[in-house]
Each structure stands twice: as structure tokens, then as C-alpha cells.
Amino acid sequence: METQLQRPPTTDTARRVEALNRNDKAFHVVLAQQFDRTAIEQLCQLADMIRTIGGARPGTQFLRTLLSHRRAMLYFIQPSTRTFLSFTAACQIVGMPYNSVRERSTSSEVKGESEDDTIRVLSQYFDLIIMRHPAEGFAEHVAGILNNMPRTIPVINGGSGRDQHPTQALLDIYTLIRSFGGTADSRVEHRYVRNPFSGKTIAFVGDLKRGRTVRSLAYLLCRYPGPRLIFVSPPELQIGDDILEYLARSGLEYEISHDLRAHIGECDAVYMTRLQDEHDVAGESKSIDYDKYNLTPDMVKHFKPDLAILHPLPRRKEIDQKLDSLPQAKYWAQVRNGMWMRAALIASIFNFDVAIRDHYHAYYTF
Ligand code: NCD
């Protein structure tokens, strides 16, 4: 196996990661920087095993026994379709009953309860909080609250403001690895030996300033030597300097561009994103010509045959629907990968990875 990049995390990041991990493994899942290459690949393997085991009734029944004694709370007070539903599906796969709060207006916060107290209350009924919140850093704050409770339960960040979306990044990297041939070997342990990113060019396109998915995925890609990243956005919506500094420290090659057409022919993967205009303060993005950052049918002739097109969704016009049936369109598989990856993550937080591995080897390897 190729050696992992020697990337010195800042002391601040190291300290934050330490507060979120237990025994060097993610307990709270809040930051993409919590996952190194080994952790990423173990989760990908676990997701592969779960999807194989979950392919037929006896396996499904085994998986459903794993977390039937625990309960999850989905505290999603920012709009969500995929992340919410894929977490509910993931809970169902591992047999974990769940409940949800999707509106502050239905919680005692309207009676003046602080959000911190709401979290403390939830921690008494449930064994896991999965949350989406409009405020940057709130999931990390929640991890701090939970660490100070007599009964500490884990929190998973399903999107925090414009900041991070680590579980989306995990399913995105899983999709990229599968697209780059990571599934070629039938033996699950052998699938991730090769560095799938060596020599690959990956373009991120769109609102890179306010899109949290790209930020989290960039952190994960820093764990691999070899990919070249191109950040293609309107000049007003460029990726943050903090991410560029992190890439530079990790020794990753990157380029900033405002021209999708100029680069599309050299891409092995292109990660499209929508305009995040809900973050506008005074409609400032209305004047941006975002159509220049759309993938259109006339560009198809420039695509590499093995190009992987990803999108965290929801999409507006970033990818013309005529492209949906191309072999290069990986965004529907990406949605489904999210369900398996989130099931793997929940199982791993509760240390059921070994039980799944044992079951897989007992029944699915020959
Ligand atoms: C993304 C998000 O919420 O950040 N959606 C998702 O989780 N799949 C992307 C977006 O909303 O544009």
C-alpha cells in the first residue's frame, strides 16, 4: 500500500479532532479531518459488505438485529431530502428505531428553552443524534455539550451551515473510488489497496465559496497523494483560502479557474454544485452568470469515456437532464452509495464493524 501523505495538521485541528474521537476512531462525526486514509477505506469496505449482505433477506435480517437496542434522533432544522431520508434508510438497514424533529416551531424552544437544553434533553431519550443545522460549528458545539453530560452519546453532523458536510464527503469519496475502478477486485480487502486518485484530475464546479460539500470532500482528498484539483467557479464564489492553505500544506496540486469549457476534456471526475443563494445577504448572486457553470449536451464530445460526473443534489440546471442516461453520470449511484455509507458509519460508531466483517467472511467469501 502506498504511504499516506505526511500532512501535519495544525495543532488546533488536532485538538478538535481529539475531542471528537475515541480510541483514535470517530465517535462524534463532525469534521472531515477526523478521517484518514485508513478510516476512509475501512468505511468503504464496510459499506461494500453491508450492501452485499443487505442484498437478500437473511442478510437483511442479520443487519436489522445489530442496533435494534438503540434509538436515533434526527434533529434536522434545515431543509433536507437526501441526507434526512438516507439516514432514515441507514437506520432501518441496521435496525435502529429513530424519531425526528424537523421544525423548531414544534419544539419547546418556542417556549424559551435554549437549544443547548433541547440537545441535553434529546441525549436522555436517544443513543445517537444526527443533526442538520444552519449555524456553522453548531454540531461541534453539540459534541462539546454531549461530552459534558453524564450520559455521553455521539452526534453526527448532517450539514452545518456553509462549513462542513462530512458524511456527504464520505459518500462522495466512496463514489469516486468505485468510479475509478476500486471495485474491480471481488475480494473486498483488495479493492482499496491501490491509490485510486493517483494521476486523476478532479474539477469542482459552481458555488465553491458557500457549498459545504466541496469543502469537506477537499479535506478527504488531502489524504491521498496524486489527485490534481481544479476549482471552477465564478470569481465571486471562489473556494475559501482556508481550504487552499490546507491543500498546499498537504502537497496537493490545485488550480483556480473560471472557465469550465477550458478544462472539461482533461477531467477524470467533475463535481457539480448548485448556487447556494439561500446564503445571499441582499440578492448579490442574482447578477452572476451561473449558466457558464452548467454541463450541457454540447460538452459531451469532450468528455473522457471514463469521466465520473457527481453532484450532491439538489440540482437546478447544473447538469442538463439529457446527460442523465450517460455512463458518465454517477449522481444517482452516488445517492444510493450514501445510504450504504451512512449505515456503515452508524455501525462503526457503535463498534459493530467487527460483527459485520465476521458475518461477511462467514457467509459471503468463498
Ligand atoms: C447538499 C447540502 O445540503 O449541502 N445537499 C445534500 O446534502 N445532498 C448540497 C446542496 O444543498 O446544494
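The values are calculated or read from the model by the stated rules, or taken from the named source; none is laboratory data. As the structure is a computational prediction, the values presented were derived from the model and not from experiment. Heads up, the Cβs are rebuilt from the backbone with ideal geometry, glycines too, and the neighbour counts pull from every protein chain shown. Surface areas here come from the heavy atoms of the whole protein model, side chains and all, with no ligands, DNA or RNA. Shrake-Rupley method; radii C 1.70, N 1.55, O 1.52, S 1.80 Å.
Couple of notes before you dig in:
- Ile288 being within 16 Å of the ligand (Cβ to nearest atom) and open to solvent by 20 Å² or more (accessible area, probe 1.4 Å): yes
- For the range 291-339, a residue qualifies if it is among the charged types (D, E, K, R) and either more than 16 Å from the ligand (Cβ to nearest atom) or open to solvent by less than 50 Å² (accessible area, probe 1.4 Å) (or both), and the qualifying residues are Asp291, Lys292, Asp298, Lys301, Lys304, Asp306, Glu318, Asp320, Lys322, Asp324.
- So Tyr224, is it touching a helix residue (DSSP H, G or I) at 6+ places or on another chain (Cβ under 9 Å), modelled with pLDDT under 95 and open to solvent by less than 10 Å² (accessible area, probe 1.4 Å): no
- Put simply, of Tyr192, Tyr219 the only residue that is in contact (Cβ under 8 Å) with a residue 40 or more places away in the chain, part of a loop (DSSP other than H, G, I, E, B) and either touching a helix residue (DSSP H, G or I) at 6+ places or on another chain (Cβ under 8 Å) or charged (D, E, K, R) (or both) is Tyr192.
- Odd one out for Met149, checked against (1) open to solvent by 10 Å² or more (accessible area, probe 1.4 Å); (2) part of a helix (DSSP H, G or I); (3) away from the ligand (no atom under 16 Å from the Cβ): (2)
- Every residue from the range 125-146 that is within 16 Å of the ligand (Cβ to nearest atom) and farther than 19 Å from Ala347 by Cα: Arg132, His133, Pro134, Ala135, Glu136, Gly137, Phe138, Ala139
- Members of the range 46-92 that are more than 21 Å from Tyr125 (Cα to Cα), in contact with a strand residue (DSSP E or B) (Cβ under 6 Å, 6 or more places away or on another chain) and at pLDDT 95 or above: Thr83
- Boolean, Glu266 is modelled with pLDDT under 95 and more than 14 Å from the ligand (Cβ to nearest atom): no
- Hits in the range 243-285 - residues which are assigned to a strand (DSSP E or B), open to solvent by 20 Å² or more (accessible area, probe 1.4 Å) and in contact (Cβ under 8 Å) with a residue 40 or more places away in the chain: none
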